[in-house]
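Have a look at the structure below before the remarks.
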Amino acid sequence: MSIPHEVKRRRTFAIISHPDAGKTTLTEKLLLFAGAIQIAGSVKARKASRHAASDWMEIEKQRGISVASSVMQMEYRDTVINLLDTPGHQDFSEDTYRVLTAVDAALMVIDAANGVEPQTERLLAVCRARNTPIITFINKLDREVQEPLDLIAEIESHLGMDAVPFSWPVGMARHFGGVFNIREDRMRVFRPGQERRQGDDEFIDGLGNPEAARRFGDAYAKAQEEIELITEASAPFDHEAFLAGRQTPVFFGSAINNFGVQEVLDALVELAPPPGPRNALERVVQPEEPKFTGVVFKVQANMDPAHRDRVAFVRVSSGRFERGMRLRVARTGKDIRPNNVVSFLSQRRELLDEAYAGDIIGIPNHGVLQLGDVLTEGETLRFTGLPFFAPELFQAVEVKDPLRTKQLRTGLTQLGEEGAIQVFRPEMGGALLLGAVGQLQFEVVAHRLKTEYGVDARLMPSRYSLARWITAEDPKALRKFMDANAAHIAYDVVDAAAFLATSPAQLRVAQELYPGVSFHAMREHG
Ligand code: G4P
């Protein structure tokens, strides 16, 4: 098949939610409805021990497992869907942000009882910054939940975009009768249970159908009123506005009961965009170009610490990838010829023969590939947009045995490149500082330093509580600021300068005193 044809039939999206909203359940049901798995339960099993996640041994185990399960590919209605899971544990949210740079759309799962929760908000901020189109699924209508009108209002205020309901719930909890598909003007009647698949649903046609009114009574009258209200009051769905991240289509359902899943799957095929152009510093890369390009958006250490092998997750940006082809790492100019590349088909790691824009390939390597690396057939390209977030927790790190200082540096550099932690070198010298978004990152890093690099590291509290990368139009203004605040300046792995503050007040003062300096909570790679 031609490259343009393959590009057009691909949909690559991330599934995001606050923990417990039903992301895993919905993922599994999507795979089930697309025919990629036969029985429910296989995705679920992998997060069985989630509640023990504060234990780093668990994290160790999960790291290995999640390589295989964090990308899933399925084929549905002649469309290749790449579904990227985002780590559930909040301490690993940095990884999640980067996953969002590799997708063309996001599916947001909301627990109808809780509405938009804090963890979803940060992810949404990243989607918004990139104008990522978002499809919304409101889950758990089989429970006592918030009023649908309130949920719509909440989504609009948190997302800063219009919410356009495509379906509407009839009742909830014990009185949940089903969802009314507004566009198709028919109601899908709810039947609990996990056995049902597509094809054996009951429908009642027409909003004014007396049969629905008779069967579902007050709940139906209320839904009917709300649907009339919402179709009058809200803007009609505008596909362009959705693609630009200004509107989100909203679906209601109950993932555990296989209910409302079909609508979401169809929306992914019909509404979500195929892979688009990607910006590089040098030029814009079109997905249909004949030559292969791709970018490493995630690096995951593999199971066997002794071998230190890692899997680099590459999002294909253009061209056709074929097994055994020679690829240039644009940063180093070195060539690699990956043979044992893996694709991710419904959680089994399978040997991959070809891949196109939108697909994710995994390249096992021993450290030649870093976060943000660009792979090409020879061209020098740097893609923009891989975000690093200002850490919110800091610890100073020292090695117990001074003779192992070099190993400590090597280990921290590699872990920093992998994105496991951020490493800062203070301008005034002294111990290196580790910056993290979540506390657990420190534990994992200390453990990995020991097992993978033979370094007994001592982590000590640090007085800093926030960091901002600093830039200025006028280099002299930046120098003046850095000289005056030398004790608070540090450099990250790519030597970008950051200001470390002990409190938000200290940051505010610095901002007021030096209006010519910009303080950034996010740094883009490249
Ligand atoms: P997550 O990946 O977003 O963290 O959520 P997950 O799918 O694990 O779902 C969290 C909990 O919500 C699970 O219950 C799951 O069964 C339940 N759930 C998911 N969808 C629905 C739904 O439509 N209705 C209802 N009532 N519950 C739903 P759990 O008790 O934490 O786990 P389990 O014992 O069921 O495995």
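Bear in mind these aren't lab numbers, they're just calculated from the coordinates by the rules spelled out. Keep in mind that this is a model prediction, so the values were computed, not measured. Counting neighbours? That spans all protein chains shown, and the Cβs are built from the backbone with ideal geometry, glycine included.
So which trypsin sites (Lys or Arg not before Pro) in segment 369-425 are both in a DSSP loop and have at most 12 other Cβ atoms within 10 Å of their Cβ?
Listed in order of number, the matching sites are Lys400.
Given the convex hull over the Cα atoms of segment 191-301, what projected area results after averaging over all orientations, in nm²?
Computed as one quarter of the Cα hull surface, the answer is 12.5 nm².
Please compute the length gained on full extension between Thr231 and Glu289, using 0.36 nm multiplied by the number of residues separating them and subtracting their Cα-Cα distance.
16.7 nm
Would you list which aspartates and glutamates come within 12 Å of Lys400, measuring only between C-alpha atoms, while excluding same-chain residues fewer than 8 positions from it?
Partners found: Asp456.
Among DSSP bridges having both ends in the chain, what percentage is antiparallel? Round to the nearest 5.
If I count the DSSP bridges inside the chain, around 75 percent turn out antiparallel.
Going by C-beta contacts inside 10 Å, put Ser518, Ser317 in order with the fewest on the left.
The fewest-first ordering by Cβ neighbours comes to Ser518, Ser317.
Largest first, please: the extent of the C-alpha atoms of the chain along each principal axis, to the nearest Å.
81, 55, 44
At what distance in angstrom do the alpha carbon centres of segment 105-137 and segment 162-182 lie from each other?
Their Cα centres are 19 Å away from one another.
Suppose we take every Cα in segment 96-167 and form the convex hull; what volume per residue is that in Å³?
Cα-based convex hull of segment 96-167, divided per residue, equals 89 Å³.
In whole Hz, what ³J(HN,Hα) sequence does segment 200-214 give by Karplus (6.51, -1.76, 1.60; θ = phi - 60°), x for Gly and Pro?
Result, rounded to whole Hz: 10, 9, 9, 10, 10, 7, x, 5, x, 5, x, 5, 5, 4, 5.
Calculate the spin-label point distance for Ser518 paired with His366, positioning each point 7 Å from the Cα along the beta-carbon direction, and give it in nanometres.
Going by the 7 Å Cα→Cβ label model, 4.2 nm.
Only sites in a loop by DSSP and with at most 14 other Cβ atoms within 10 Å count here; which GluC sites (Glu not before Pro) in segment 421-526 make the cut?
Glu473
Take the cross-link list Lys8/Lys298; Lys29/Lys140; Lys298/Lys334; Lys140/Lys298 and give me the ones stretching past 23 Å between alpha-carbons.
Lys8/Lys298; Lys140/Lys298
Are there trypsin sites (Lys or Arg not before Pro) in segment 414-477 that DSSP puts in a loop and that have at most 13 other Cβ atoms within 10 Å, and which ones?
For trypsin sites (Lys or Arg not before Pro) across segment 414-477 that sit outside H, G, I, E and B with at most 13 neighbouring Cβ atoms in 10 Å, the list reads Arg463.
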